[in-house]
1. Over chain B, calculate the relative contact order: mean separation of alpha carbon pairs under 8 Å at least 6 apart, over the residue count, as a percent.
2. Taking only DSSP H segments of four or more residues, each worth -39500 (n - 2.57), what value at 222 nm results for the protein assembly as shown once the sum is divided by all its residues, to the nearest 500 deg cm²/dmol?
3. Looking at the square roots a ≥ b ≥ c of the eigenvalues of the Cα gyration tensor of the range B:78-191, which shape do they give, rounded for a/c under 1.5, prolate if a/b is larger than b/c, or oblate?
4. Straight-line reach from A:Lys189: which aspartates and glutamates have a Cα under 18 Å away, not including same-chain ones fewer than 8 places off?
5. log10 I(q)/I(0), Debye, Cα-only the range A:203-282, no solvent, q = 0.11, 0.12, 0.25 Å⁻¹?
6. How big is the equivalent ellipsoid of the range A:1-44 along its three axes, where each semi-axis is √(5λ) from the Cα gyration tensor, reported in whole Å from largest to smallest?
7. For the range B:75-138, compute the orientation-averaged projected area of the C-alpha convex hull (one quarter of its surface), in nm².
8. Compute the relative contact order of the range B:97-222 as a whole-number percentage, counting only Cα pairs closer than 8 Å that sit 6 or more residues apart in sequence.
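Bear in mind that the values in this text are calculations on the coordinates, not laboratory data. Here the structure is a predicted model, which means the values were calculated and not measured. Here the Cβ positions follow ideal geometry from the backbone for every residue, glycine too, while neighbour counts run over all protein chains shown.
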Protein chains: 2
Amino acid sequence: MEFASIPEIDTPALVIDLDAHERNLRRVADYFAARPCDLRPHVKTHKCSTIARRQVEMGAIGVTCAKVGEAEAMADGGITSILIANQVTAASKIQRLAALAGRCELMVALDDVNNARAIGQAATQAGTTVGVLVEIDTGMRRCGLAPDPAQAVAFAKAVLPVDGLRFRGLMGYEGHTVMIEDDAERRAKASEAGRQLGACAQAVRDAGIDVQIVSGGGTGTYDISGDSGVFTEIQAGSYVFMDARYHGIQPELETALFMVSTVVSLARGDLVTLDCGMKSLTHEFGQPPVVSPSGLGPVGLSEEHGRCAIEGGTCDLKLGDQVWLLPTHCCTTANLHDRYWCVRDGRLVGTWAIDARGRFD
Amino acid sequence: MEFASIPEIDTPALVIDLDAHERNLRRVADYFAARPCDLRPHVKTHKCSTIARRQVEMGAIGVTCAKVGEAEAMADGGITSILIANQVTAASKIQRLAALAGRCELMVALDDVNNARAIGQAATQAGTTVGVLVEIDTGMRRCGLAPDPAQAVAFAKAVLPVDGLRFRGLMGYEGHTVMIEDDAERRAKASEAGRQLGACAQAVRDAGIDVQIVSGGGTGTYDISGDSGVFTEIQAGSYVFMDARYHGIQPELETALFMVSTVVSLARGDLVTLDCGMKSLTHEFGQPPVVSPSGLGPVGLSEEHGRCAIEGGTCDLKLGDQVWLLPTHCCTTANLHDRYWCVRDGRLVGTWAIDARGRFD
């Protein structure tokens, strides 16, 4: 990847290195093609139906979404199998969920029986069926039932007879483990989360209930959970782009998403001021580093400005030059933008709409 | 303000309490109506031409923008006098700047003579004139010339003869002082920044150059800089909404912007899980507090989830109920959304497009 200035790119811009991106798609697709476990990639990372279609063309069985709006955008973009890996509880969103189930194979996570009944009622009224996965909290401490096999069985039995629902299986996202940098520790903790989920799934099977799906996994654990024998599908999302943080955890996957910014001020001799700030680049996982040119420190962000210290005291940059940075959190950074600028061989070859961002809350 | 659930609001939603918002508009408009200093409010906070027009109708002389895209959106929305309080250096953006100057009274900040010449050349080619303010760095350490009167005079003299430009005055934003909580310290530091800017402006005047505009000021300092005698106009923006942080600094202005979220999980007994996360609410200035109902701790955010501890051990909330939170940074939170939901007397009365967000980078 060259990091030369591309004047056609209107900064601050999110740029995809298509070659690196496609190698990531291929590497993860090949991993799952060789195993009895499927890939249902999470689109929260890219929010882009163009990328989702490419993932499905390369073997993904559908997509995972975080919310109804993302799922609607993916259905609009031609995706036919969608898991909303989250609870949907507002009355207006339950109506949208039931309607969407008429347009694609749709599944949603559950951890409350009354919520299950409300979704079933809306689906019945809409003449649709919503697939459901019982969510198990394997350590994220966010949503989901406690990892108690007896409770999982009781919940599955309560959901099974609800009209408008189709019980499909269980879900448990080991998100508390995906960013652990130490390989052995990440493997141990992800394996323990998988063991808890697997015990719940086995108990439900032992109760005579058909468990077709056990879903979970992230980019930091796709190769741990994918090999565990517990999961039927893995929800990894960030692998398409990676970022400064995830690249340290899974170095076989390449950084493929960059923030391209423009130098707006050199009036202070000790720093370079850029046109990227908190409104175009996130920093909750650390200050984004500069990848080109060399000699600049990581960027400090205010709303619409980024400031990089000039290391070594001198700098060849001119006003209007472009500086390439590596996001530290690809998912929240993509959420700030409406399009990707796609680059191959140092040239702009097109843009892709981030069509699941925004208008769908 | 009541904080009852409003089912028509599709969460996570940014809600404006119109009564409080309008009292803020009136209070600040009245302040400037009584003084020889104007209000040119910064639209980076709301990014909404509807609100900008209301500000102008109540006496603002125009608006301040952070970038070309915001300025284009404001011109599209009928605003006729616009300051881009920032450097514009990319060739494509300089072209847009020159074109925009044909549609409104447009000014831009400068701290580089070559940049001045590039803008002047583009304006001349477009048959327009761009107004310019020399930016002085009064302590933000971001953009702008050092606060040296001789340097300001030399710069103004270099810019004056450039075709396509019209020298209008100076700008210096005392952003490093606006959030200082101690009143006396904030007053002292803002006054010192104003003194530096005033000395530069006086030197330029003493050189026989017409200084029509001295611009700066924020919500935390509008009543300090506005009374200083240095500034001809103040750029305060956050006063329209306020947030948890600014309300502590200027308590006479009311919190008027809320995040309304929905309870999505109560499966864990010790916390409430909401549908607002880092993709709908920012937290760089601290965890947003809950304003209603009582008994919940501040929200901890992951991408699409918020988690609040249940204080005292019990909670009457049900799945689907709405929880109202107070953003800790209104500007970056608004940047995540495409519309405001406007509420008066506990009822939804309309929505306003956040039309300067997004498509204009």
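1. Answer for chain B is 21 percent.
2. Rounded to the nearest 500, it is -9000 deg cm²/dmol.
3. Judged from the Cα gyration tensor, the range B:78-191 comes out prolate (a/c at least 1.5, a/b above b/c).
4. Once the sequence-local aspartates and glutamates are set aside, what remains near A:Lys189 is A:Asp137, A:Asp148, A:Glu174, A:Glu181, A:Asp223, A:Asp227.
5. Listed by q, the Debye log ratios stand at -0.52, -0.58, -1.13.
6. 31, 13, 5
7. For the range B:75-138, the mean projected area of the Cα convex hull comes to 4.3 nm².
8. Numbers: 235 pairs, mean separation 32.1, N = 126.
Relative contact order for the range B:97-222 comes out at 25 percent.
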